[in-house]
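The values are calculated or read from the model by the stated rules, or taken from the named source; none is laboratory data. Since we're looking at a predicted model, the values are computed, not measured. Note: ideal-geometry Cβ built from the backbone for every residue, glycine included; neighbour counts use all protein chains shown. Side chains are part of the model used for accessible areas, which takes the heavy atoms of the whole protein and leaves out ligands, DNA and RNA. Shrake-Rupley method; radii C 1.70, N 1.55, O 1.52, S 1.80 Å.
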Protein chains: 2
Amino acid sequence: MKIHDAPGFPNPARIRIVLAEKGLESQVQFVKVDLFAAEHKQSAFLAKNPAGVVPVLELDDGSYISECVAITEYLDNLDGHPILTGKTPRQKAVIHMMQKRADDQLIDAVGIYFHHATPGLGARLLAYKSPEWAHRHEWGQRHRDKFVHGLRYFDSVLRGQPYIAGEQFSMADITVFAALLHGDAAGIAIPDDCAALSAWRANVSRRPSVKNRSGQVMDMAA
Amino acid sequence: MKIHDAPGFPNPARIRIVLAEKGLESQVQFVKVDLFAAEHKQSAFLAKNPAGVVPVLELDDGSYISECVAITEYLDNLDGHPILTGKTPRQKAVIHMMQKRADDQLIDAVGIYFHHATPGLGARLLAYKSPEWAHRHEWGQRHRDKFVHGLRYFDSVLRGQPYIAGEQFSMADITVFAALLHGDAAGIAIPDDCAALSAWRANVSRRPSVKNRSGQVMDMAA
């Protein structure tokens, strides 16, 4: 298998953590995509993923899987023993529910803010974003507010349970953790009164799958 | 089980089709939510689903599952024989990849257009949307364009295979089908040159799970 991604970025970090949790790192070859040069918006990459985002999983038969949830479902189920996407119908449901909330409220919101209301990754990529700066800015600020609102929502969830989808670490925790990395890069901190979210982040940061590669997943924020 | 929804609306239609495909309709009691009165934006409903959207599945123990993907994973896996969300790791991955594309490019896009650039469901609900009409309008139009672009993408997919995720009908087909219902209601037709998408829609419309309830799933467009 190959993963086309860019080390140090939030969505690539999601799959790198999945690979580490599943012990699959040695089975994967990483192919670096130059995001600053907008390589992911050019036709060669769009043939792999028409959405124009990393990461993309390339299977040995040459087919491509994109979208982090889809890649995670694949990797987590390869050995027949899913640990991140749920075993029972209820576990699957709660994990996918919280996963979707994390995507909508955090991942998408901070992405829009970062790319549309800040200089983002620079001029070469900005050419592929909304054409009018003023519009971009207002639209982006709304999504900054949405992200912070989302942080407060997940803080409230974590006041009652140790992980985002309940008692066990899951795909949804990885998504929220990656969104916080993107928040760091965008200059949006966890609000001071979100103690449960901060404690959860410290706990997740100590997992071997995260800790052992913290340099890599933090690069963007540095 | 109970489903809190509004008959005739696109996302509720997704789960009603899932229930019919799985033969589970008789096990569910439907509770109607008054969307025109913005019932789904009030505290009683937000306690069930903080995202403030239908449908919501209420389990017999009183817990709630929201988000169509999560509800579908639950219902499809209840009997241990999933037919809509994939059996193998690759099937799960491709279905979730196409599902996410359908959500991003179609469901979300037409929803934003309908609620932010048209009168949507009327004044009582519009109060919960973006506050400035001019901004709403521009933002909405962009998403109309995104939806039409998405229709062309799925047409291109369907030129090479019978269903959205390959050889078999899946959750991703239901999502695209529901998005087309919302497109009807928003006045956005399938472009004339998207023959594969139109043929696929006619084919899906003939499925018993869709055909036998077409009055219900089409109400909104009427």
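Below, the figures for the structure above:
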| read-out | value |
| --- | --- |
| GNM flexibility winner over chain B from B:SER66, B:SER26, B:SER170 (Cα, springs under 10 Å) | B:SER26 |
| Across A:LYS48/B:LYS22; A:LYS92/B:LYS48; A:LYS2/B:LYS22, pairs whose alpha-carbon gap is larger than 28 Å | A:LYS48/B:LYS22; A:LYS2/B:LYS22 |
| Longest site-free stretch - chain B; sites: chymotrypsin sites (Phe, Trp or Tyr not before Pro), DSSP loop, at most 16 other Cβ within 10 Å | B:129-222 |
| Rg/Rg_globular for region A:105-206, with Rg_globular taken as 2.2 N^0.38 Å and Rg from C-alpha atoms | 1.15 |
| Rg and Dmax of the protein assembly as shown, Cα atoms only, in Å | 20.8, 57 |
| Gaussian network model of chain B, Cα within-10 Å springs - most flexible of B:VAL210, B:VAL148, B:VAL31 | B:VAL31 |
| Cα gyration tensor shape of region A:1-128, rounded if a/c is under 1.5, else prolate or oblate by comparing a/b with b/c | oblate |
| For region A:42-117, convex hull volume per residue from C-alpha positions, Å³ | 98 Å³ |
| Peptide-level mean, for A:71-79, of C-beta atoms on other protein chains within 10 Å | 5 |
| Selected from B:ARG152, B:ARG14, B:ARG206 as most flexible by GNM, with chain B as the system and alpha-carbon contacts under 10 Å | B:ARG206 |
| Residue-wise HN-Hα coupling along region A:22-35, computed from phi with Karplus coefficients 6.51, -1.76, 1.60 (Hz; x: Gly, Pro) | 8, x, 9, 4, 6, 8, 10, 9, 8, 10, 7, 10, 8, 5 |
| Label geometry 7 Å along the beta-carbon vector: A:ARG206 inter-copy distances in nm | 6.1 |
| Apportionment of accessible area to carbon and sulfur, region A:1-126, percent (1.4 Å) | 53 percent |
| Cα-based equivalent ellipsoid, chain B: semi-axes from gyration tensor eigenvalues, Å | 25, 24, 15 |
| Estimated D of region A:137-179 in µm² per second, where Rh is the Kirkwood radius over Cα pairs and Stokes-Einstein applies at 10 °C, 1.306 mPa s | 140 µm²/s |
| Teacher prompt: A:LEU59 distances to equivalent labels in other copies, 7 Å Cα→Cβ, nm | 3.1 |
| Nearest-to-axis residue of chain A, judged by beta-carbon position, where the axis maps A onto B, in Å | A:TRP139, 3 |
